[in-house]
Amino acid sequence: MISKKNTKKIYFDLLKIRTIEEIISERYKEQEMRCPIHLSIGQEAIAVGICHNLNNYDQIVSNHRCHAHYLAKGGDEKKMINEFYGNSDGCSGGRGGSMHLFDQKKGILSSVPIVSSSIPVGVGAGFSFKYNKKKNIAVIFIGDAAIEEGVFYESLNYAKIFSLPVLFVCENNLFSCFTNINERQPKNLIKKISKSFGMKTHFLNGNNAIQIANKSKKIIEEIRLKNEPQFILLDTYRVLEHCGPYEDDHLNYRNKKEIKYWKENCPLKKLEKILVSNKILSKSSLRNYRLSYKKKYNLIFEDCKKSKFLGTKLNNIKLYA
Ligand SMILES: Cc1ncc(C[n+]2csc(CCOP(=O)(O)OP(=O)(O)O)c2C)c(N)n1
C-alpha cells in the first residue's frame, strides 16, 4: 500500500509534469523553442508510477516522447527547458532538443528519437549491472509502435537468454502517429510477444498512478532479486497531437467518443479525486498548488527564454506551430 506521504509525492510529480507540458503547449507558438515536441499529456501516470520505485543508480532509457520519463526520474527541469530553447545550459548542451534528454546523475541514460533504437541501449545497461554484480535495474520505456522493429525482438531475446535485470514498459496509446494499432498489428500481439519469450508479463491501467506504483514495486523488487527481465504493458492515451502543442480532434483519425473517454480518465483528475475523498488534500489546496506550480514554472521558462543561445539559433527559420 502507498502511504499518504507517497500519494502526495506521486501527485506532485504528476502535477509538475502536467504543468511543464501545459506551459510548453502555451509557449510553443512564440517560436522560441528550437525543436519539435512530443507531449505526454494524459500518459504521465506511467512514468511517475514506475519511477517512484527506482533509485538514482537504476537507469532508464526513453524515446521521442521523453519529457515525463525525464522529469519523473528526477531530471533537472531547468536543464530540460534550456534544452528546448537551444541554450548551452541545456542537458545536451542545447544541441539535442526535446528528444535527447539525459541526466547522468539521475540515471537517465538516454532518450532516442529513432523508434526502438533505445531498446538495446537499455538491455546493455542491464548487462552492465549484471556483469558488475550491481543490484540495479534498467527500465526501457517504449511506445506500442516500437515492437514493429526487429531490434525489439533481438533485445527481448538477449535480455531473457542472459537473465538481465531489465524492465520493459510498453505504453500503448493506441496510435503510431495517425495509425491505429488495429491497422498495424494482429490483435493482442504485444501481450503475446513478451510471453512467448518466457517473460513475466503484466497488464496495467496506464492512467492510474497509484496502482502502477503499487504493482510495479513488487515487479521491480523481483527483478533486482532474481536478475530476470519482465514486461509491463499499459493502456493509455495521448490527448494532444502526435508532435506539437495542439489538440487534433478535427483530423478525425481518432474517434470522438474515444477521446472523450480518455479525457475523462485523466490521471491527474483521477488522483485529485482520491486525494480529496481521503481528505489528504482539500479542493482549495489543490487549486492553490496548481496556481503556484504554474507561476513557478512559467518563471523558469521566461528565464530560460532569455538565456544565451549556443549560437545555433536559426532566426529566419519558422518552426511549424
Ligand atoms: C525507425 C523510425 N521510424 C519512423 C520514425 C518516425 N516516428 C516518430 S514517432 C513515431 C510513432 C511512434 O509511435 P509509438 O512508438 O507508439 O510512440 P507514441 O508516439 O505513440 O508515443 C514514428 C513512426 C522514427 N522516428 N524512427
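Using θ = phi - 60° and the Karplus curve 6.51 cos²θ - 1.76 cosθ + 1.60, what whole-Hz ³J(HN,Hα) does each residue of the range 41-55 get, with Gly and Pro shown as x?
Residue by residue, the range 41-55 yields 4, x, 10, 5, 4, 5, 4, 5, x, 6, 5, 4, 9, 10, 10 Hz.
So what are the ³J(HN,Hα) numbers for the range 242-248, from phi and the Karplus equation (6.51, -1.76, 1.60; θ = phi - 60°), rounded to whole Hz, Gly and Pro as x?
Each residue's phi maps through the Karplus curve to give 4, 9, x, x, 10, 6, 10 Hz.
If you build a Gaussian network model of the chain, linking Cα atoms that sit under 10 Å apart, which residue out of Asn157, Asn227, Asn182 swings the most?
For the chain, modelled as a Gaussian network with Cα springs under 10 Å, the answer is Asn182.
Determine ³J(HN,Hα), in whole Hz, for all residues of the range 285-301 in sequence, where each value follows from phi through the Karplus function 6.51 cos²θ - 1.76 cosθ + 1.60 and θ = phi - 60°; x replaces Gly and Pro.
These are the phi-based 3J(HN,Hα) values: 5, 4, 4, 5, 4, 4, 5, 5, 5, 4, 5, 4, 6, 4, 5, 5, 4 Hz.
Have a look at the DSSP beta bridges in the chain and tell me what percent are antiparallel, nearest 5.
Bridges in the chain that DSSP calls antiparallel: roughly 15 percent.
Sort Glu241, Glu44 so the one with the fewest other Cβ atoms within 10 Å of its own Cβ comes first.
Neighbour counts put them in this order, fewest first: Glu241, Glu44.
Once you've got the Cα coordinates, tell me which of Lys134/Lys195; Lys195/Lys260; Lys79/Lys133; Lys9/Lys106 are over 23 Å apart.
Result: Lys134/Lys195; Lys195/Lys260; Lys79/Lys133 exceed 23 Å.
Give the order of Ser3, Ser163 when sorted by the count of other beta carbons within 10 angstrom, beginning with the fewest.
Result, fewest neighbours first: Ser3, Ser163.
Let me understand the chain better: what is its radius of gyration from the alpha carbons, and its Dmax, in angstrom?
19.1, 55
Sort the following peptides by mean Cβ neighbour count (other Cβ atoms within 10 Å, averaged over residues), highest first: 98-106, 289-297, 14-22, 261-269.
14-22, 98-106, 261-269, 289-297
In whole percent, what relative contact order does the range 4-306 give with Cα contacts below 8 Å and a gap of six or more residues?
23 percent
What's the center-to-center distance, using Cα atoms, between the range 271-296 and the range 1-45 in Å?
Between the Cα centres of the range 271-296 and the range 1-45 lies a distance of 15 Å.
Read-outs throughout are calculated quantities, based only on the coordinates presented, and are distinct from any laboratory measurement. None of the values given here were measured: they were computed from a predicted structure. When we count neighbours, we look across all protein chains shown, and the Cβ atoms used for this are built from the backbone with ideal geometry, even at glycine.
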